[in-house]
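Q: Sending over a structure as structure tokens; questions will come in a sec.
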Amino acid sequence: MKRTALILALAVAAVANTAIAQTAPLNVEIDRSARIALRGAAASVIVGNPAIADVTVVDANTLYIVGKGYGVTEVVAVDAIGRPLFQNQIVVTGGSTGAVRMWRGGQMTEMACGGSCAPSIRSTGPGAAAAPAVSPP
């Protein structure tokens, strides 16, 4: 009887461990970061598509996920024996404030706007980064 209870408890713990690792998608704005506190020490971190998101490992228990490009990818952190500490879909979206995108033919210029607007590093085409700042009306 005690042995059956022990096996059942281990099975429930294993299922709970997997459920913790897979949660709702994490939304990160482009050029922003999200802090992830792990429940154990990570030995490896895997990023599905590094063009969409990047991970900075601050210490064995803390990650920062940075949105680099629009899209969806997955980040997985595992401990020394391969158990998932974090496994989640990362959705990188455009920022909600401070950016304007202008198109001239096939040339896109993304403007970062505060008190005035200036081309960001995401601008494409010749001379896009050299364009002067545009003051708001």
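The values are calculated or read from the model by the stated rules, or taken from the named source; none is laboratory data. For clarity, every value in this text was computed on a predicted model and none was experimentally measured. In this analysis, Cβ positions are derived from the backbone assuming ideal geometry, glycine residues included, and neighbour counts consider all displayed protein chains. We work out accessible area using only protein heavy atoms, side chains counted, and drop any ligands, DNA or RNA first. Shrake-Rupley method; radii C 1.70, N 1.55, O 1.52, S 1.80 Å.
Q: So what is the accessible area of segment 56-98 per residue, in Å², with the probe set to 1.4 Å? The partial results should precede the final answer.
A: On the way: 2070 Å² over 43 residues.
Result: 48 Å² per residue.
Q: Name the residues whose placed amide hydrogens come within less than 5 Å of the amide hydrogen of Leu85, ignoring near sequence neighbours (fewer than 5 apart) on the same chain.
A: Answer set, sorted by chain and number: Ala77, Val78, Asp79.
Q: How much length is gained on full extension from Val72 to Asn49, taking 0.36 nm per residue of separation minus their Cα-Cα distance? All intermediate terms of the calculation are to be shown ahead of the outcome.
A: Details: separation 23, 0.36 × 23 = 8.28 nm, distance 0.83 nm.
Extra length available between Val72 and Asn49 comes to 7.4 nm.
Q: How do 40-46, 88-94 rank on mean C-beta neighbours within 10 Å, highest first? Don't skip to the answer; put the middle values down first.
A: Details: 40-46: 14.7, 88-94: 17.7.
The most tightly packed comes first, giving 88-94, 40-46.
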